[in-house]
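Visitor: Sharing a structure below in structure tokens format, with a few things to ask.
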Amino acid sequence: MVKLHESWLGPLQAEFDQPYMADLRAFLMAEREAGKRIFPKGTEWFHAMDVTPLSEVRVVILGQDPYHGEGQAHGLCFSVKPGVAPPPSLVNIYKELKADLGITPPRHGYLEHWAQQGVLLLNAVLTVEAGRAASHQGKGWERFTDAVIRQVNGLDRPVVFILWGSYAQRKAAFVDATRHLVIKSAHPSPLSAHNGFFGSRPFSKANAFLVAHGQTPIDWAVPEN
């Protein structure tokens, strides 16, 4: 069931061997045996670490939970599968992308193009019960994803951390802002986007930092499928 790029396996092996991960596996198995539907599907739980190798991470965008609607979640935060309408937060992300870089939003919400360039689209919690937001919080995923963030924080090159909202900012509070660029703003949710997300220009700031440190900028334009 564990499907992630080999570059993460060694660094995260100690986490997979911890008792809390055995407890998490037991919880997920029991939920399935009880007939509950879990999103995303098992092969996509670690998709963020599968499509974006540790050695290639240049930007981290931190989300909270997978989408809990039918056919939405596929293991990348804020992203939905092709054919699924972009959710409200992603619509606002696209609005800021247009205002920041002049990029016309695509008609879909599939952000694999970002992930393939080294943008780690990481949720704090990697599974959810269908129709029940935040239902798998506090079961162990947060500890695991803390370890993922620590691995990126420990890289010997600077990385951009984009932290939208207080939850992401608390979770990644230990990131070394003297070596990495930490971009903070309000969350893109319709409830908070007007409180500092719009106008925050995270995409141009990230690229300017990468270029200043001799790295290739991200092509934030999401191609139409």
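Visitor: Quick one, can you get me the convex hull of the C-alpha atoms of the chain expressed as volume per residue in Å³?
Guide: 116 Å³
Visitor: For helix 202-212, what angle does its Cα long axis make with the longest principal axis of the chain, in degrees from 0 to 90 and rounded to 10?
Guide: With rounding to tens, the tilt is 80 degrees.
Visitor: Next up: Please give every one of the lysines within straight-line cross-link reach of Lys41, meaning a C-alpha to C-alpha distance under 23 Å, and leave out same-chain neighbours fewer than 8 residues apart.
Guide: List returned: Lys3, Lys81, Lys139.
Visitor: What residue among Leu12, Ser79, Asn153 has its Cα farthest toward the positive end of the dipole of the stretch 1-159, where the charges are +1 on Lys, Arg and -1 on Asp, Glu, each on the Cβ?
Guide: Comparing the listed Cα positions along the dipole, Ser79 ranks first.
Visitor: Using helices alone, I'd like the mean residue ellipticity at 222 nm for the chain: each DSSP H run of four-plus residues gives -39500 (n - 2.57), total over residue count, nearest 500.
Guide: Using -39500 (n - 2.57) per qualifying helix, the result is -10500 deg cm²/dmol.
Visitor: For the stretch 82-112, run through the trypsin sites (Lys or Arg not before Pro) and keep only the ones in DSSP coil with at most 16 other Cβ atoms within 10 Å of their Cβ.
Guide: Answer in residue order: Arg107.
Visitor: Of Leu12, Leu54, Leu126, which has the largest mean-square fluctuation in a 10 Å C-alpha GNM of the chain?
Guide: In this elastic network of the chain, the residue with the biggest mean-square fluctuation among Leu12, Leu54, Leu126 is Leu12.
Visitor: Over the chain, with a Gaussian network built from C-alpha contacts below 10 Å, which listed residue (Pro105, Pro19, Pro88) shows the highest mean-square fluctuation?
Guide: Checking each option, the largest mean-square fluctuation is seen for Pro19.
Visitor: With contacts defined as alpha carbon pairs under 8 Å and 6 or more residues apart, what's the relative contact order of the chain in percent?
Guide: Reported relative contact order: 23 percent.
Visitor: Something else now. If each of Leu191 and Ser204 carries a label point 7 Å out from its Cα toward its Cβ, how far apart are those two points in nm?
Guide: About 3.0 nm, to one decimal.
Visitor: Assuming R0 = 25 Å, can you tell me the calculated FRET efficiency for the pair Lys95 and Thr216, based on Cβ-Cβ distance, to the nearest 0.05?
Guide: Efficiency for this residue pair is about 0.45.
Visitor: Let me ask another. How high is the FRET efficiency from Ser7 to Glu224, r the C-beta distance, R0 35 Å, rounded to 0.05?
Guide: 0.70
Visitor: Using a Debye calculation, one point per C-alpha and no hydration shell, please list log10 I(q)/I(0) for the stretch 1-66 at q = 0.27 Å⁻¹ in order.
Guide: One equal scatterer on each Cα of the stretch 1-66 leads to -1.31.
Visitor: Determine the relative contact order of the stretch 1-131: mean sequence separation of Cα pairs under 8 Å and six or more apart, normalised by residue count, in whole percent.
Guide: This gives 33 percent for the stretch 1-131.
Visitor: Dividing the convex hull volume of the alpha carbon atoms of the stretch 47-136 by its residue count, what do you get in Å³ per residue?
Guide: It comes to 90 Å³ per residue, whole-number rounded.
Visitor: Treating only the Cβ of Lys, Arg, Asp and Glu as charged (+1, +1, -1, -1), what charge dipole size does the stretch 36-168 show about its Cα centre? Round to the nearest 20 debye.
Guide: 220 debye
Visitor: How large is the convex hull of the C-alpha atoms of the stretch 90-184 per residue, in Å³?
Guide: Convex hull volume per residue, Cα atoms: 133 Å³.
Only the coordinates and a few stated rules stand behind these numbers; no lab work does. Being a predicted model, the structure only gives us computed values, none of them experimental. No Cβ is skipped: glycine too gets one built from the backbone with ideal geometry, and neighbour counts run over all protein chains shown.
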